[in-house]
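One structure is given below, encoded as structure tokens.
Please treat every number below as a calculation from the coordinates, not as lab data. Owing to the predicted nature of the structure, the values given are computational and were not obtained by experimental measurement. Methodologically, a virtual Cβ is constructed for each residue, glycine included, from the backbone with ideal geometry; neighbour enumeration extends over all protein chains shown.
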């Protein structure tokens with residue numbers, strides 16, 4: 001539900017139409033993120049646009065640069081260290097693609113060759129496979145299947161927020177998906193060492209804070225990778241209704257929850273708009289409504 005692309009700024013700086021298309025094509029809300037070959041992505045795009053000769057009014061330039069800033073914040077991921085002797089963009093792109101397994105490079109550079117390289121100037125003919133990603137997917141309610149559906153997003157996560165008012169660490173149908181999600185997070189490119197679980201108390205069903213702490217310590221803690229931290233926050237029940245998995249890049253809503261089920265029912269997983277993701281991420285990053293101190297466990 002999320003794909004990575006390396007994008008050559010020269011491929012979209014040919015004219016204003018290409019520039020407009022680039023600004024609207026990319027973004028996590030469209031399921032497309034950009035792999036940056038340096039930690040100066042936003043400035044490099046600005047410089048490329050300024051040097052392109054594209055005539056922009058003051059208002060157009062401001063909107064363009066605001067969109068670049070937004071993309072840099074939500075939809076750009078760093079490729080990591082690239083050998084300093086690779087100074088040409090083409091060589092750096094090839095290296096990153098091979099090392100990281102990036103699906104496609106968007107460029108018109110002839111020296112890139114034909115292997116998973118796509119010319120942005122002629123997408124009627126040169127278009128990457130699965131370019132158009134649906135925002136909804138269905139998955140069997142099995143831990144591995146649900147984790148695989150959002151695998152790319154988890155592996156790019158620097159932090160994860162798991163929201164479910166019914167989360168019950170005493171039940172294997174909740175612990176097994178949590179383990180699968182965490183496995184994908186820790187195997188990713190980003191050194192993510194922490195996730196948050198947001199839920200509510202239900203004392204009538206054995207989910208008081210005391211019991212939640214007990215099951216987190218006795219059942220979840222032994223399964224955590226060494227050094228990996230989970231904070232469980234308890235919220236007022238009236239403030240949590242839906243089930244989400246949220247990162248700083250992308251968010252998903254799980255229609256029937258992210259716990260396993262033994263029946264044949266599938267779960268609908270919807271990629272949130274950026275506005276919805278940002279709203280929910282900010283909501284659940286605010287400790288104000290939290291009831292008491294969090295329950296914290298760290299793998300050993």
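Quick notes
- Reported label for calculated Rg and Dmax of the Cα atoms in Å given (i) 21.3, 67; (ii) 19.0, 55; (iii) 23.9, 84: (i)
- At R0 = 51 Å, FRET efficiency that the Cβ-Cβ distance of residue 205 and residue 72 yields, to 0.05: 0.70
- Cα-based Rg / Dmax (Å) for the range 3-122: 13.7, 40
- Label-point separation, residue 39 to residue 17 (7 Å along Cα→Cβ), nm: 4.0
- Each peptide in 201-214, 95-108 was scored by the mean count of other Cβ atoms within 10 Å over its residues; highest first, the order is 95-108, 201-214.
- Pairwise inverse Cα distances across the range 136-298, averaged and inverted, put the Kirkwood hydrodynamic radius at 15.7 Å.
- Peptides 79-89, 7-17 ranked from most to least packed, by the mean per-residue count of other Cβ atoms within 10 Å: 7-17, 79-89.
- Whole-number percent relative contact order across the range 17-139, with pairs defined as alpha carbons under 8 Å at least 6 apart: 24
- Were the residues from residue 134 through residue 273 laid out at 0.36 nm apart, the gain over their Cα-Cα distance would be 48.8 nm.
- Taken along the Cα-to-beta-carbon direction at a fixed 7 Å, the label points for residue 229 and residue 191 span 1.4 nm.
- Whole-number D in µm² s⁻¹ for the range 57-177, Kirkwood Cα-pair radius fed into Stokes-Einstein, 10 °C, 1.306 mPa s: 86
- Helical runs assigned H by DSSP (4 residues or longer) give the chain a calculated mean residue ellipticity at 222 nm of -10000 deg cm²/dmol, each run adding -39500 (n - 2.57) before division by the residue total.
- Cα gyration tensor, the range 139-226 - rounded (a/c under 1.5), prolate or oblate: prolate
- Rough spin-label spacing in nm, given labels placed 7 Å along Cα→Cβ, for residue 24 and residue 239: 3.9
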